[in-house]
Amino acid sequence: MYALGWRLGAVGLPSLLGVISLQLNGFIEKLYNYVELEVRLKLTVGLLGCDVRLGAVLPLGPELRCAGDECCVPWLEMRVVVVWLGCAVRVVLELQEWRGWAELSSLPVMFMIRYDVNTWKRALSYWKDRNIPTPKAVPIFGNLLSNIFLAKPFVEMDWYRAHGRLYGVYNGNKPGLTIAEPELVKQVLVKDFHKFRNRMDNGSRHKIFSKNMFIARDDDWKRIRAIASPTFTSGKMKKMYALINECSKDFINNLDKLAANKSEVELKQLMGAFTMDVIASTAFATKTNTYANPDNPFTTKANNIFHFPLWKAFVMTALPSFITKIQAIRQLINGSTNSDFFVDFSRNLLNERKSSNKKHNDFFQLLMDVERSDGDVREDSDANEAHHVNEGKDELEADAAALSNVIEKKLTEDEILAQCFLFFIAGYETTATTLSYCTYELALNPDLQDRLYEECKEAFNEKGEISYDVLSRLPFIDALLSETLRNYPPLLRLQREAMEDIELGDTGLKVEKGVVAEIPVYAIHHDPDHYPEPFVFRPDRFMPENRDNIKPYTYIPFGSGPRNCIGMRFALLEAKLALAKMSQQFRFSRVANTDVPVIFNKGRFLLQAKQLIVGVERR
């Protein structure tokens, strides 16, 4: 049990560390073969004796002096490989010095103390015992490795084609149930929402971040969502429209400089600068001028958050929750500098606003002023902005039930800070990637560019401006974004945790309390039964005359039900304004450096392309 000693002792042997790490480099990609895993375990026995003698209280040695050695040696053999595998993953993905990983060296060992090999095997038989198909899983990691070392869209489609619309997965040794049948999706997200109201517990117990409505659970979520919902109605969006429009002017001016030279542009950087300026302006009353100053703290801290090192995500997902819930461990892995920057900035802004009588038309001010009043959300909503969300009777009733009987009508200071941070996190990368993919498809389809140009040309007034009301009612630009979000949904899966045992439709399957229901958005969006030729970019699917052909709960880029994306209207407004203005002044085209098809990054939880390069010129 005294495993820390031999592990930390081995860190002090850099030459030995290098040999073993190199040995395991080639092994990582073969972990799907369990026989290969067993062979590699045998290769570590020699190392085991050395390491135990370096630091353990009860060294075993070659003569097996301890009465429990016959049981303990194979128990420790598995642990050695897992610990060294952690080092190998760090070498392959980070190529950094060992100091940081040595601090984490105890975590895999702690994991092993709790879970022995037999426990892993039992865990990985969970779905087999219930006659539910699963992708091939391996001990400790379950199905995580395929998500880390392969591009997730291809993994999603492979699993979907092989196992259908109902199959099991393993996040580490934790079972999850993939549900893709539309009626069952409705049951999870809407009909039985009260039984699936929480997202998977990520272990966060942070004083502030745990209070954002994406993470918050149970009654905490219900209260925060109910109070914050009125800040995202169409009436409130109109108040922020001027701020977004001002940012779009800077965006167009910057793009014009590039177009003057018929330049190639990397869309992710271009659109990221725009969405960064919008978020900074509308949420933090700050002008970042990201185009001229890409190294400003807002941009650099945000990029650090979104480019979370892969090995950290791997550790956080693979380890059991009793470890990841320890705040000191979370801080060690996640760090705090980047997120604390935004918290400190928000707190200073909050104090400044409180000491001043000046009011602002931004998200921050809305959160400070909002007070829940029943009926606020629906009275101020625009039916034309539903964006194909299935707002039927069942969903409206679930929404009302979920947000009813809220006693406390105001947000606390920490809750305001948490929602601002969430607004920033949720609105920056996702909207930037959606705009990037949409512009990429326009470059590949000149006829679609022409249609967008013609629709928007009549919408601008003589001053070259377009109003909120006119923009929100343009059918083709909405269809264009809808098809982009179908083809490239930012979040590939939705997750909801079962709060109690529940029968799943007429499948005869009982989803047990604690099991996470996972809805594979990307795979559903690319099912040919729902969308013929699903990999063809075809905005006409979402034109008004064709909307009735969309099956309910087969288009869910923003989720659905009471826990859908609260910022949907804002994201669409921002994207539509950028597209409308670009269409009138620029033309995009395919160039030699344009990747066709898109090359997706591996191991990312959001749908990120490696690069999206197109040509741009003035009209």
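Worth a mention:
- Verdict on M276 being outside the structural domain of I613 (by TED's automatic domain parsing), under 21 Å from the mean Cα position of the chain (by Cα) and buried (at least 21 other Cβ atoms within 10 Å of the Cβ): yes
- Of all residues in region 245-295 being in a helix (DSSP H, G or I) and of a type in the set (S, T, N, Q), the one that is farthest from N361 (Cα to Cα): Q269
- One residue alone among Y531, Y488 is hydroxyl-bearing (S, T, Y) and over 29 Å from I279 (Cα atoms), and that residue is Y531.
- Test: I556 is out of contact with any Asp or Glu (no Cβ under 6 Å at 6 or more places or on another chain) and under 24 Å from R199 (Cα atoms): yes
- For N261, the conditions (1) in the same structural domain as L366 (by TED's automatic domain parsing); (2) crowded, with 19+ Cβ neighbours inside 10 Å; (3) of a type in the set (S, T, N, Q) are fulfilled apart from (2).
- Elements of type helices (runs of 4 or more DSSP H) contained in region 434-496, each with 2 or more residues being basic (K, R) and either within 16 Å of V521 (Cβ to Cβ) or in the same structural domain as L607 (by TED's automatic domain parsing) (or both): 446-457
- One residue from R541, R563 being in a helix (DSSP H, G or I), of a type outside the set (V, I, T), in contact (Cβ under 8 Å) with a residue 12 or more places away in the chain and surrounded by 18 or more Cβ atoms within 10 Å (Cβ to Cβ): R541
- Filtered residues of region 176-185 (kept if touching a Phe, Trp or Tyr at 6+ places or on another chain (Cβ under 8 Å) and either closer than 16 Å to P557 by Cα or part of a helix (DSSP H, G or I) (or both)): A180, P182, E183, V185
- Failed item in (1) in contact with a strand residue (DSSP E or B) (Cβ under 8 Å, 6 or more places away or on another chain); (2) buried (at least 22 other Cβ atoms within 10 Å of the Cβ); (3) of a type in the set (S, T, N, Q), with S589 passing the rest: (2)
- Test: residue in region 157-172 that is part of a strand (DSSP E or B) and at pLDDT below 95: yes
- Sole residue being farther than 23 Å from G427 by Cα and surrounded by fewer than 16 Cβ atoms within 10 Å (Cβ to Cβ), chosen from D501, D527: D501
- Lone unmet requirement of (1) at pLDDT below 85; (2) crowded, with 17+ Cβ neighbours inside 10 Å for S281: (1)
- Residue within region 186-193 that is closer than 25 Å to H525 by Cβ, assigned to a helix (DSSP H, G or I) and without any contact (Cβ under 8 Å) to a residue 60 or more places away in the chain present: no
- Qualifying residue in region 165-185 (condition: more than 21 Å from the chain's Cα centre (by Cα) and buried (at least 22 other Cβ atoms within 10 Å of the Cβ)): yes
The values are calculated or read from the model by the stated rules, or taken from the named source; none is laboratory data. Everything quoted here is computed from the prediction, not taken from an experiment. Ideal geometry is used to build each Cβ from the backbone, glycine not excepted, and the neighbour counts take in all protein chains shown.
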